[in-house]
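Structure first, then comments.
Please treat every number below as a calculation from the coordinates, not as lab data. These figures come from a predicted structure and were not determined experimentally. When we count neighbours, we look across all protein chains shown, and the Cβ atoms used for this are built from the backbone with ideal geometry, even at glycine.
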Number of protein chains: 2
Amino acid sequence: MSDTRWLERLGSPNLTDLYQLTMLQAYRHIGMDDTAVFEFFVRKLPEHRNFMLAAGLEQLLDYLTDFRFEAEDLEALRRTDKLDGAFIDSLAHMRFTGDVDAMPEGTVFFGDEPVVRVVAPLPEAQLIETRVVNLLQMQTLIASKAARMRLAAHGHQRLVDFGLRRAHGSEAGLFAARAAWIGGFDGTATVLAHELYGIPIFGTMAHSFIQAHDSEMRAFEDFCRSQPENTVLLIDTYDTEEGARKVVELARKLEPEGFTIRGVRIDSGDLCASAKAVRRILDESGCGDIEIMVSGGLNEDRIADLVAAGIPATGYGVGTDLDVSADAPYLDCVYKIQEYAGIPRRKKSSGKATWPGRKQVFRHYRDDGTFDHDVIGLVDEPLDGEPLLRPVMRGGNPPGGAEPLADIRERAAAQLAALPRELSLLPVAAEPYRVDISEGLRAMAERVDERVEEKD
Amino acid sequence: MSDTRWLERLGSPNLTDLYQLTMLQAYRHIGMDDTAVFEFFVRKLPEHRNFMLAAGLEQLLDYLTDFRFEAEDLEALRRTDKLDGAFIDSLAHMRFTGDVDAMPEGTVFFGDEPVVRVVAPLPEAQLIETRVVNLLQMQTLIASKAARMRLAAHGHQRLVDFGLRRAHGSEAGLFAARAAWIGGFDGTATVLAHELYGIPIFGTMAHSFIQAHDSEMRAFEDFCRSQPENTVLLIDTYDTEEGARKVVELARKLEPEGFTIRGVRIDSGDLCASAKAVRRILDESGCGDIEIMVSGGLNEDRIADLVAAGIPATGYGVGTDLDVSADAPYLDCVYKIQEYAGIPRRKKSSGKATWPGRKQVFRHYRDDGTFDHDVIGLVDEPLDGEPLLRPVMRGGNPPGGAEPLADIRERAAAQLAALPRELSLLPVAAEPYRVDISEGLRAMAERVDERVEEKD
């Protein structure tokens, strides 16, 4: 067993909350294994969000497909002294055999709308809760944040994810690259995201490369000679404008040898003023083809400001703010039981009441193709509008092959283009998007409330 | 290969930024492989933090110990078309052979203080950067957040981590449980954290358990009979005070059979008012031994308010705010080159200048044992005070066995007890803790600046 053993255990079903198992033991004890319906949704969008972009479904389906307790998992459960031995033994045979309907990744959604619906025997539907939320929240957060940056950058600027180091752990860093790509980024610095998802990777040098050399000029030249096709030079280690002048000098020196410097990167100071000064230095010296990339503390607001101020940059490297969704690092998202044994269920906890039953989201469009409003209704209610949840898993078997990531990314772009204008602007809209509750759903909620009062 | 294949790749050295590899290729090309010194530090503490608690070192040392490129990793690098074949081949032999000095986990530290120092051949010291920051930032964030909650809860209340579902991915959820335990939490709901780290686990039931039953009373009874030793009942699904009355009724019914209800949990509404009302109902009915646990949207400020308002609760379940460090979801932390080939180095980028050389932190104490101030100096400077960085790895070999987690947790508690009073209060202190820069370090920085100006 290696020292980094924890990595080999992250796929264990024991990566869950203990209460999933204590509840399951009670269900087995009582024999409650009828069909349950759970839905994943965001109760209320974060303060700084007009919309969310769904992401993480592929990983959720993979998790459900691979779900099983191995001997090692069961042995660890025995050591907790919290559960019956016979119950633990029974887990060896447990698989996920249910149905899943979901909004495809890259779909825009709003508060209270079910994004994923699971229909399965109660123990199976319950046991997966923790990882369902864990997998869907994180990528949805990052895809939504990335989409805001894409809107701020007006579509034609290159956006690259630089955030792996500041992501919360290894899986978060990898998934951030995937989610950012879905949300409209052009690539990532994360090598593993290229290997696993085919996302374009970008990267040249850090300040340490310059600092390790005794001379900045020498560092630039060494790098160009080592990477003739990948020459973006970082010019702000000591003095940005001096750095730009060295780049000009080097470009002239290397040109006869066939080397081309493709760009420079500025990572500190007043990015707009620096970029304008550098652009002037490059242009006046016949280096108009050398592009400028900026990075350092960027987010959608700063990108919008830089674009508005006319920054002569063609690329933005975004790290921390993207990879932790810094202004909204979590969602008020839940995975709640809505029906058991054919009877709709509803939680009435103060401030946390839910809509019962199996639901569908019906989207209505304006004549120009933009979203007008959504209706949350019951799956079997005859309602107009485009139903957003589609079948993605039946009987625990995924429908052959994951959706290509490029298709998801295209869907996300089309969805962002169809956002009502007031929602696609960066400040949060005064009027949130209209989401109606259908008559059928309201009537069902009333019946559920009456029934609970009668029974208890 | 399983569907959840990404989990099998998170340990790959390809989970890094592309620029680490492009820089490495240039270093190989030029033959730059002299000894480099890098340090990890936080430039400026987040707005809402008086201090940070170091965590994540064990995982970093494990990562360095296991570091190697396997055939699969090299093959993936070839497919990127970004690097020389000969360079990729050379990576097969790469190991981490350097020295590491670090503040032990559970040590309180402040801005600009080196927390980890790496001394290794330049390519090795550089290549690990991304994961060094990724591993140290996340646990340090959570341990620090947990410590604030421990201070708010005054030491005698039970704090339990409920946050796995809202953590950013699997590794973050697991590490959050570990870091929270270091910071003073009493346990976690995360089963895998018990398996891997021996952390006590807690957990009983979710609202879905109540909702799946037709009657709340029946749900309570079923659960008690299934888990006679683990009976904390969730009473806010429909009406909290009604729930408490049912618990009383059930306690009377089950007592003759030898069942004991240990506690109730309230997860919504006005937690303080609800807990007081429930306490009254329980006490008036002879159920004074049944404890009250609260959860739902808790953080250090809310816990402090609840404690100040005299909430009759003995336990707090904390999820989201802890596991994403919601008010400070990232650190302005970096891993920077400070010396190469025996020559100290310094970055001068606007707003991001660093202190050069191999450094040590010297802590000074008041007579009552609390921290007075720290001095950042050079390792070989003859300075008073307790040196905080200690040797933890020599020549790539860890010093036999990880530090027991219980020792780390005790150290953290002792450090929190030694905080100056103004820093242990929740609002951020007007006066930050005093951290001085030694004369020797200032003089070195000046010499470095003069040298760079001469050379360039």
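Okay, here's what the table says:
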| quantity | calculated |
| --- | --- |
| Given charges at beta-carbon only (K, R positive; D, E negative), |dipole| of chain A in Debye | 300 |
| Label point distance in nm, A:Asp301-A:His154, each placed 7 Å from Cα along Cα→Cβ | 2.1 |
| Sorted by Cβ neighbour density within 10 Å, fewest at the top, the residues B:Tyr316, A:Tyr433 | A:Tyr433, B:Tyr316 |
| At R0 = 60 Å, FRET efficiency that the Cβ-Cβ distance of A:His364 and B:Glu439 yields, to 0.05 | 0.25 |
| Percent breakdown of C-alpha pair distances by 20 Å bin, ordered from the shortest bin, for chain A | 22, 47, 25, 6, 0 |
| Kirkwood-type radius of the stretch B:1-140, with distances r between different C-alpha atoms, in Å | 16.4 |
| Loop trypsin sites (Lys or Arg not before Pro), the stretch B:94-131 (other Cβ atoms within 10 Å of the site Cβ: 13 or fewer; DSSP) | B:Arg95 |
| Rounded to the nearest 20 debye, dipole of the protein assembly as shown from Cβ charges on Lys, Arg, Asp, Glu | 200 |
| Residues of the stretch B:205-237 with amide N under 19 Å of a point placed 7 Å along Cα→Cβ from A:Ala86 | B:222-230 |
| Inter-part distance where the stretch A:228-275 and the stretch B:376-417 are each reduced to a Cα centre, Å | 41 |
| Neighbour-count order for B:Lys359, B:Lys336, fewest beta carbons within 10 angstrom listed first | B:Lys336, B:Lys359 |
| Leading residue at positive end of dipole, chain B (Cβ point charges), from B:Leu91, B:Tyr238, B:Met52 | B:Leu91 |
| The stretch A:146-323, relative contact order [Cα under 8 Å, separation at least 6], % | 27 |
| The stretch A:26-89: trypsin sites (Lys or Arg not before Pro) in DSSP coil with no more than 15 other Cβ atoms inside 10 Å | A:Arg43, A:Lys44, A:Arg68 |
| Label point 7 Å beyond Cα along the C-beta direction, distances from B:Gly31 to other copies (nm, shortest first) | 8.2 |
| Pairs beyond 19 Å (Cα-Cα), from A:Lys145/B:Lys145; B:Lys44/B:Lys347; A:Lys276/B:Lys336; A:Lys82/A:Lys352; A:Lys348/B:Lys246 | A:Lys145/B:Lys145; A:Lys276/B:Lys336; A:Lys82/A:Lys352 |
| Separation of alpha-carbon centers, the stretch A:145-167 and the stretch B:12-26, rounded to whole Å | 21 |
| Which of A:Ser208, A:Ile182, A:Met293, positive extreme of dipole for the stretch A:146-323 (C-beta unit charges) | A:Ile182 |
| Other-copy label distances relative to A:Arg262, 7 angstrom Cα-Cβ extension, nm | 6.0 |
| Computed log₁₀ I(q)/I(0) - Debye formula, equal Cα scatterers, no solvent, the stretch B:190-287, q 0.15, 0.16, 0.18 Å⁻¹ | -0.62, -0.70, -0.85 |
| Dimensionless Rg ratio for the stretch B:143-323, taking C-alpha atoms and the 2.2 N^0.38 Å reference | 1.02 |
| Binned Cα-Cα distance frequencies in the stretch B:304-456 - 10 Å width, integer % | 8, 23, 33, 24, 9, 3, 1 |
| Between helix B:405-417 and chain B: long-axis angle, C-alpha atoms, 0 to 90°, nearest 10 | 90 |
| In the stretch A:1-59, GluC sites (Glu not before Pro) in a DSSP loop with at most 15 other beta-carbon atoms within 10 Å | A:Glu47 |
| Cβ charges +1 (Lys, Arg) and -1 (Asp, Glu), total dipole of the stretch A:222-336, debye | 260 |
| The stretch A:1-144, relative contact order in percent, only Cα pairs under 8 angstrom and at least six apart counted | 41 |
| Inter-centroid distance (Cα atoms) of the stretch B:349-372 relative to the stretch B:88-136, Å | 19 |
| Between 0 and 90°, nearest 10: helix B:271-284 axis offset from chain B longest Cα axis | 40 |
| Relative contact order of chain B, pairs being alpha-carbon contacts under 8 Å that are 6 or more residues apart, as % | 21 |
| Net length gained if the chain between A:Glu257 and A:Ser350 were fully extended (0.36 nm per residue, minus Cα distance) | 26.2 nm |
| Degrees, to the nearest 10: A:18-30 long Cα axis against longest axis of chain A | 20 |
| Nearest-first distances (nm) between copies at A:Lys44, label 7 Å from Cα via Cβ | 3.1 |
| Taking only Cα atoms of the protein assembly as shown, radius of gyration then Dmax in Å | 28.2, 96 |
| Efficiency of FRET from Cβ geometry, B:Ser285 and A:Ala277, R₀ 56 Å, rounded to 0.05 | 0.15 |
| Theoretical ellipticity at 222 nm over chain B - DSSP helices of four or more residues, -39500 (n - 2.57) apiece, nearest 500 | -12000 deg cm²/dmol |
